[in-house]
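What follows is a short report on a single structure.
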Amino acid sequence: MLTIGILSALGLLLLALKAGGRKTIGNDVFVDVLITMTLLICFYGTFSGMAAAMIGGLVASVTLFILKKTMVHEKLVITKKPVKFKMFKINFTRPSCEWKEIEPDWRKD
C-alpha cells in the first residue's frame, strides 16, 4: 500500500513535470489537488486503496513544496495594459496574461 501510493504519486508528478516543467511547479496547489483527486478516483473502492491515494497525495504535495522552495519556476501573472483610442480620445486598460519567472527565496540577495 505504501509503495503503491508513493510510486503512483511520483509517476503522475513526473508526467506533470514533463508536460509543464517550471509552470507545473509555479501552480503547485492546482497540480497537487489534481494529482490527489486522480489517485482517489483510481484507487476508489477499498480502504487500502484510499490510504494509498492519501499517501500518494502527501508525497506529491511534499515534493512540489520542496521543488517550489528550491528551483526557479514560472507563475501566470495578470497585468493591466493601457490602450488609447485616438479617434474617440478614450483611455482604458485591458488585462494581459504573461508568465513571470520567480526566483526561490534562498537565491534572492
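The values are calculated or read from the model by the stated rules, or taken from the named source; none is laboratory data. Keep in mind that this is a model prediction, so the values were computed, not measured. Don't worry about glycine lacking a Cβ; one is built from the backbone with ideal geometry, like all the others, and counts go over all protein chains shown.
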*Does the range 75-106 hold any residues that are surrounded by 10 or more Cβ atoms within 10 Å (Cβ to Cβ) and not in a strand (DSSP E or B), and which are they?*
GLU103, PRO104
*Is it the case that ILE90 is under 14 Å from ILE25 (Cβ atoms) and without any contact (Cβ under 8 Å) to a residue 24 or more places away in the chain?*
no
*Do we have VAL77 as in the same structural domain as SER96 (by TED's automatic domain parsing) and at pLDDT below 90 here?*
no
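Filter the range 49-76 down to the residues that are among the small types (Gly, Ala, Ser) and under 14 Å from VAL33 (Cβ atoms) and list them by number. Before the answer, list the steps.
Going residue by residue through the range 49-76, those that are among the small types (Gly, Ala, Ser) are 49, 51-53, 56-57, 60-61.
Passing the criteria: ALA53, GLY56, GLY57, ALA60, SER61.
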*Restricted to the range 61-74, and to residues that are of a type in the set (A, V, I, L, M) and within 17 Å of GLY5 (Cβ to Cβ), which residue is surrounded by the most Cβ atoms within 10 Å (Cβ to Cβ)?*
LEU64
*Subset of the range 21-60 (residues that are exposed (fewer than 15 other Cβ atoms within 10 Å of the Cβ), small (Gly, Ala, Ser) and in a helix (DSSP H, G or I))*: SER48
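Every residue, every condition in (1) closer than 15 Å to GLU103 by Cα; (2) in contact (Cβ under 8 Å) with a residue 40 or more places away in the chain; (3) touching a Leu at 6+ places or on another chain (Cβ under 7 Å), yes or no:
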{"position": "ILE6", "(1), (2), (3)": "no, yes, no"}
{"position": "GLY11", "(1), (2), (3)": "no, no, no"}
{"position": "PHE30", "(1), (2), (3)": "no, no, no"}
{"position": "SER48", "(1), (2), (3)": "no, yes, no"}
{"position": "SER61", "(1), (2), (3)": "no, no, no"}
{"position": "PHE65", "(1), (2), (3)": "yes, no, no"}
{"position": "THR70", "(1), (2), (3)": "yes, no, no"}
{"position": "LYS75", "(1), (2), (3)": "yes, yes, no"}
